[in-house]
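Worksheet: the structure to be examined is printed underneath.
The values are calculated or read from the model by the stated rules, or taken from the named source; none is laboratory data. All figures in this text were calculated on a predicted structure; none of them were measured in a lab. Cβ placement follows ideal geometry from the backbone for every residue including glycine, while neighbour counts extend to all protein chains displayed. What goes into the accessible areas is simple: the full protein's heavy atoms, side chains included, and nothing from ligands, DNA or RNA. Shrake-Rupley method; radii C 1.70, N 1.55, O 1.52, S 1.80 Å.
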Amino acid sequence: MSMIRDLRAVVRPSSRPAPRKEAAAPCETDTTTSSAVVDCAVYRDGSRVESGRTLSPQEAMREVRRDGGFVWIGLHEPTEAEFAGIASAFGLHPLAVEDAVQAHQRPKLERYDDSLFTVFKTVHYVEHDQLTASSEVIDTGEVMCFTGRDFFITVRHGGQGSLRALRHRLQDDPELLAKGPSAVLHAIADHVVDGYIAVADSVQDDIDEVETEVFSPGRNGGVSRGVDSARIYQLKREVLEFKRAVAPLLRPMQLLSERPMRLIDPDIQKYFRDVADHVARVHEQVMGFDELLNSILQANLAQASVAQNEDMRKITAWAAIIAVPTMVCGVYGMNFKYMPELHWKYGYPVIMSITVVLCLGIHRTLKRNGWL
């Protein structure tokens, strides 16, 4: 039980996420190897080995192979040339290396010889004062993980998903970090999925706001004319981007939690079940968002149609009222010499009175039937 509490304390901190931009610390970046290296460290018995100088990935690998432990290398948007030396030193598969450099991959889990290649989509909720037809709601990035027997390599793309704070929290828990690279993989997976949960809650608030506007009564308690459909459609597009990050991750998390793997410590594997459950829960939420937005969009279009029909009924009703004086004026506007009551002294007031009475009668009838 103590291990479970320690594990959750590491990957689910109560503090706010790290800043958007992850700048490499001067003492951690290996400028001789790659400007994309954010951190390179050797861990032995759950503690970071302080060498007193900056180690290159190749030097860190040789030290690990000689004295034991594992090396954790973090990179941010490396080029093919920057990643080539590291890929060669650790024997990474060319197909996985190509995916890691090019990015824009769907979440997946692949096994290559003695390593696992995992892709996570990171999501970040973009704060906005008001949802508009062009509002960006969800910002996505990617984290690729190479898990080996004695190494763990992360390749991050995008401005979100910094792992520096997570690395420091893991370093504060030597017992967990002593489990090796699989503990780091689980921590990253849980960290990413916790981000999904936070984003899902924020998106729910946006959907509730739009839903309230759509179903709120119109002016004077009449039929609502809905909201701008472009706002709903934009939110639906953002939810679709969210779904693309969550849905493909279901299978990889199930595999990590159910299928025995040589590179995953048995004590760590059981905790992937918790991550898989959270992914399934968020996936259900996102699918519900999609269906709810479809219903809201249809309801909004239906309300706009009803409002237009109501306007047409009113226009038709007033046209019927105006038709009475138009008809009378049309009859008496004809240039015939012999017309009934044409020269009668009271002809004008009588005709006007009859016209007004007819118009009032039609107005009352239409209003009673709900046309006005």
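Based on DSSP H segments of at least four residues, each scored -39500 (n - 2.57), the chain has a per-residue ellipticity at 222 nm of -18000 deg cm²/dmol. Applying a DSSP loop filter and a limit of 13 other Cβ atoms within 10 Å to the GluC sites (Glu not before Pro) in the range 285-355 leaves E341. Amide H contacts for T122 (H built 1.01 Å from N in the peptide plane; partners 5 or more residues away or on another chain; cut-off under 5 Å): G141, E142, V143. Here's the picture: charge each Lys and Arg Cβ at +1 and each Asp and Glu Cβ at -1 in the chain, and of S56, T132, A198 the one pushed furthest to the positive end of that dipole is T132.
Across the range 146-159, computed HN-Hα scalar couplings (Karplus, 6.51 cos²θ - 1.76 cosθ + 1.60, θ = phi - 60°) run 9, 10, x, 5, 9, 8, 9, 10, 10, 10, 10, 10, x, x Hz from first to last residue, x flagging Gly and Pro.
Here are several values of volume of the Cα convex hull per residue in Å³: (i) 129; (ii) 166; (iii) 201. Which one was derived from the coordinates shown? Here volume of the Cα convex hull per residue in Å³ agrees with entry (iii). Within 10 Å, at most 16 other Cβ atoms, and a DSSP state outside H, G, I, E, B define an exposed site. Report the longest part of the chain free of exposed trypsin sites (Lys or Arg not before Pro). Longest gap between qualifying sites, sites excluded: 54-148. Springs between Cα atoms under 10 Å define the GNM used for the chain, and in it the highest mean-square fluctuation of L177, L255, L358 occurs at L358.
Of the residues F151, F117, A87, the one whose Cα sits farthest towards the positive end of the charge dipole of the range 35-167 is F151 (charges of +1 on Lys and Arg Cβ, -1 on Asp and Glu Cβ, taken about the Cα centre). Ordered by 1.4 Å accessible area with all protein chains kept, D311, D113, D129 run largest first as D129, D113, D311.
In a reduced charge model with +1 at each Lys and Arg Cβ and -1 at each Asp and Glu Cβ, the chain shows a dipole moment near 1680 debye about its Cα centre.
For F151, the amide hydrogen comes within under 5 Å of the amide hydrogens of V71, counting only partners 5 or more places away or on other chains and with H modelled in the peptide plane. Entry comment: accessible area of the chain is 53 Å² per residue, from protein heavy atoms only and a probe of 1.4 Å.
Rg/Rh for the range 60-149: what does it come to with C-alpha atoms and Rh from Kirkwood? Result: Rg/Rh = 1.11.
Over every Cα atom in the range 240-372, the radius of gyration and the widest Cα-Cα span, Dmax, amount to 36.1, 112 Å. Put the Cα centre of the range 118-132 next to the Cα centre of the range 277-305 and the gap is 17 Å. For GluC sites (Glu not before Pro), the sites in the range 39-93 that DSSP calls loop and that have at most 11 other Cβ atoms within 10 Å are E50. 3J(HN,Hα) along the range 129-134, derived from phi through the Karplus expression 6.51 cos²θ - 1.76 cosθ + 1.60 where θ = phi - 60°, amounts to 5, 8, 6, 10, 6, 10 Hz, with x in place of Gly and Pro. Over all other residues within a Cβ to Cβ distance under 15 Å of R368, the charged ones net out to +4, with Lys and Arg as +1 and Asp and Glu as -1. For the set M261, M144, the ranking by accessible area, highest first and with no ligand, DNA or RNA atoms included, is M261, M144 under a 1.4 Å probe.
Assuming charge only on the beta carbon of Lys and Arg (+1) and of Asp and Glu (-1), the dipole of the range 133-186 about its Cα centre is about 160 debye to the nearest 20.
For the pair D129 and L360 in one chain, pulling the backbone fully straight at 0.36 nm per residue adds 78.2 nm over the alpha carbon distance. Per-residue surface analysis assigns M312 an accessible area of about 110 Å², computed on protein heavy atoms at 1.4 Å probe radius.
Under 19 Å of direct C-alpha separation, and excluding same-chain neighbours fewer than eight residues apart, K121 reaches these lysines: K21, K108, K236, K243.
The string of couplings for the range 235-252 from the Karplus curve (6.51, -1.76, 1.60, θ = phi - 60°) is 5, 5, 5, 5, 5, 5, 5, 5, 5, 5, 7, 8, 4, x, 7, 4, 5, x Hz, one whole number per residue in order, with x for Gly and Pro. For Y112, the residues whose modelled amide H falls within less than 5 Å of its own, excluding neighbours fewer than 5 places apart on the same chain, are F117. Of the whole protein surface, S229 contributes about 40 Å² of accessible area at a 1.4 Å probe radius.
Summarising the strand pairing of the chain, around 85 percent of its internal DSSP beta bridges are antiparallel.
In plain terms, the chain is cut at each of the chymotrypsin sites (Phe, Trp or Tyr not before Pro) found in a DSSP loop with at most 11 other Cβ atoms within 10 Å, and the longest leftover piece is 1-335.
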